[in-house]
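The values are calculated or read from the model by the stated rules, or taken from the named source; none is laboratory data. These figures come from a predicted structure and were not determined experimentally. Cβ sites come from the backbone with ideal geometry, for glycine too, and all protein chains shown count toward neighbours. Please note that ligands, DNA and RNA were not included when accessible areas were found on the heavy atoms of the full protein model with its side chains. Shrake-Rupley method; radii C 1.70, N 1.55, O 1.52, S 1.80 Å.
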Amino acid sequence: MKDLEFYFQDALKNGYAIGAFNFNNLETLKAICNGSENTHSPVLVAVSEGGFSYIGENHILPMVEAIRKEHKKLPIFLHLDHGKSFEICKRAVDAGFDSVMFDGSSLSFEENVKITKKVVQYAHKKGVFVEAELGVLAGIEDTVNANEALFTNPQKAKEFVEKTGCNSLAVAVGTSHGAYKYKGKPKIRFDILEEIQNAIPNVPLVLHGASSVPQKYIKIINKFGGEMSGAAGTDAKILSTCAKNFHICKINTDTDMRLAYISTVRKHLAQNPKDFDIRNANLLAIEEMTKLVEEKNRTFNCENRVK
Ligand code: G3H
Ligand code: 13P
Ligand code: ZN
């Protein structure tokens with residue numbers, strides 16, 4: 001099986017991005033791996049700090065190891081998403097993660113460099129990949145513009161990568177986390193993205209906050225007892241351009257998986273008020289999330305990339 005470094009370089013060379021999907025339970029993990037197997041796409045299964053404590057540190061690796069046994073030919077890489085301290089990154093490395101993200105985006109440049117470097121030194125000794133972040137993603141419900149988002153500075157990015165030795169870099173170019181990304185139209189700063197990749201041409205870049213917030217899910221949620229008016233995300237076309245024409249080699253999705261899951265469960269329970277067996281709703285949710293992952297992998301130009 002080829003390693004993560006191979007796939008990132010392959011993605012950089014051939015214009016695709018590897019999907020990184022967050023999971024917090026077995027149902028979601030199964031759907032991520034079923035969908036990626038169906039499209040023959042290498043995949044990162046990501047656990048946030050919140051997921052780390054929700055699932056429980058001791059359960060994560062056994063879950064992933066079991067799923068690997070069911071998908072023997074699929075490269076499944078376990079990734080820590082938004083680790084905010086050296087300590088949590090170290091715990092993930094020690095637990096057997098393949099990749100960790102140290103997110104020092106809220107720190108000063110110097111402090112971010114210092115801790116990222118420490119994570120790199122520790123992780124690299126064990127062959128673990130390190131993603132770092134420079135720049136700040138816009139907050140939920142912000143209309144992204146230069147006053148509200150601290151876009152990644154291309155020259156600083158070069159200095160940052162040289163000083164830290166990180167393997168990949170998450171950039172702030174206009175996306176934001178969550179289900180309420182834009183009030184108007186999405187404004188992605190492709191000009192800044194281009195400057196970043198010109199400054200660090202060999203570094204795989206990562207796009208966070210990349211969910212599209214499909215309106216079909218929002219409609220179902222609103223119809224069956226939820227309230228998510230005004231939810232909006234990043235068009236699939238933008239994501240596809242980032243993967244094909246820019247150096248975005250990893251695209252993170254969490255919100256869209258949550259929407260697929262919750263909309264399916266809400267609809268099923270509303271239409272079957274007597275059903276109190278959660279497996280029925282969960283099976284439908286796995287099916288819906290599997291289709292979503294397949295669609296994402298196609299959007300990311302990551303179909304048929306398993307070597
Ligand atoms: O980027 C953040 C992810 O969506 C993780 O969210 O901290 O609620 O698990 P979470
Ligand atoms: P979304 O909220 O857009 O799915 O972003 C997920 C993410 O960036 C996880 O790190
Ligand atoms: Zn993120």
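Among the criteria (1) within 16 Å of ligand 2 (Cβ to nearest atom); (2) without any contact (Cβ under 8 Å) to a residue 24 or more places away in the chain, the one residue 58 does not fulfil is (1).
Residues are listed down the side, and each one gets a yes or a no for (1) among the charged types (D, E, K, R); (2) within 16 Å of ligand 1 (Cβ to nearest atom):
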site: 153; (1), (2): no, no
site: 165; (1), (2): no, no
site: 175; (1), (2): no, yes
site: 181; (1), (2): yes, yes
site: 184; (1), (2): no, no
site: 193; (1), (2): no, no
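Residue-wise test of (1) crowded, with 18+ Cβ neighbours inside 10 Å; (2) under 27 Å from residue 5 (Cα atoms).
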site	(1), (2)
157	yes, yes
160	yes, yes
179	yes, no
183	no, no
199	no, yes
215	no, no
218	yes, no
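The residue list 84, 90 contains one member that is within 16 Å of ligand 3 (Cβ to nearest atom), over 21 Å from residue 18 (Cα atoms), at pLDDT 95 or above and surrounded by fewer than 19 Cβ atoms within 10 Å (Cβ to Cβ), which is 84.
Looking only at residues of region 48-76 that are surrounded by 15 or more Cβ atoms within 10 Å (Cβ to Cβ) and within 16 Å of ligand 3 (Cβ to nearest atom), we find that the one that is farthest from residue 127 (Cα to Cα) is 51. Determine if region 253-271 includes at least one residue that is part of a loop (DSSP other than H, G, I, E, B) and more than 16 Å from ligand 3 (Cβ to nearest atom). Within region 253-271 (the criterion being part of a loop (DSSP other than H, G, I, E, B) and more than 16 Å from ligand 3 (Cβ to nearest atom)), the answer is no, since none of the residues qualifies. Considering (1) more than 16 Å from ligand 3 (Cβ to nearest atom); (2) part of a loop (DSSP other than H, G, I, E, B); (3) open to solvent by less than 40 Å² (accessible area, probe 1.4 Å); (4) not β-branched (Val, Ile, Thr), the lone condition that residue 211 does not fulfil carries the number (1).
Being more than 16 Å from residue 116 (Cα to Cα) and out of contact with any His (no Cβ under 8 Å at 6 or more places or on another chain) is true of residue 179. Checking the structure you have, find out if any residue of region 242-252 is under 14 Å from the mean Cα position of the chain (by Cα), over 17 Å from residue 291 (Cα atoms) and of a type outside the set (A, V, I, L, M, F, W, C). Yes, region 242-252 has at least one match. Taking (1) within 15 Å of ligand 3 (Cβ to nearest atom); (2) at pLDDT 95 or above in turn, residue 159 satisfies each apart from (1).
Quick grid of which residues meet (1) open to solvent by 50 Å² or more (accessible area, probe 1.4 Å); (2) in contact (Cβ under 8 Å) with a residue 24 or more places away in the chain; (3) among the charged types (D, E, K, R):
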position: 205; (1), (2), (3): no, yes, no
position: 245; (1), (2), (3): yes, yes, no
position: 254; (1), (2), (3): no, yes, yes
position: 266; (1), (2), (3): yes, yes, yes
position: 274; (1), (2), (3): yes, no, yes
